[in-house]
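Below: one structure, written as structure tokens.
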């Protein structure tokens, strides 16, 4: 892994978000918009919808789990949590949650070697944060 950590982080977040979005059949506009926003925040570089579509086509879905498993030992806790948070936000983006998306999110967490109890805590914290955002 010769990439700089920030680029690796942004790359893994991008791939995880695409995997969750595509789990139920494909990327919709809301999901692509969210992916663009999160990638911009993480990488400091914009990404187009076309770039996202190309990344989705170029990355076999099974390869992501192997890539996350390989990276897990060198990723810090905050990076692992950010990958799960971004993937979960993608799951919520289109206002419908499919079983395939939930399974993909759990698979991502497992590949990152996040214990089940910690995975639940990440989602709970994010749910609290989201409810606070709606109240604003």
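According to the Kirkwood relation over distinct C-alpha pairs, the hydrodynamic radius of region 18-96 is 13.2 Å. With a simple spin-label model that places each label point 7 Å from the Cα along the Cα-to-Cβ direction, the separation between residue 50 and residue 76 comes to 3.7 nm. Shape summary: the chain maps onto an equivalent ellipsoid whose semi-axes, from the alpha-carbon gyration tensor, are 20, 19, 15 Å in decreasing order.
From its DSSP helices (H runs of at least four residues, each -39,500 (n - 2.57)), the chain gives a residue-normalised ellipticity at 222 nm of -25000 deg cm²/dmol. Ordering 95, 11 from the fewest to the most neighbouring beta carbons within 10 Å gives 95, 11. Taking the centroid of alpha carbons for each part, region 63-120 and region 10-53 are 14 Å apart.
Across the chain, C-alpha contacts under 8 Å between residues 6 or more apart give a mean separation that, scaled by the residue count, equals a relative contact order of 32 percent.
Readers should treat all values here as calculations from the given coordinates under stated rules, not as data from a laboratory. Everything quoted here is computed from the prediction, not taken from an experiment. Cβ: placed from backbone, ideal geometry, glycine included. Neighbour counts: every protein chain shown.
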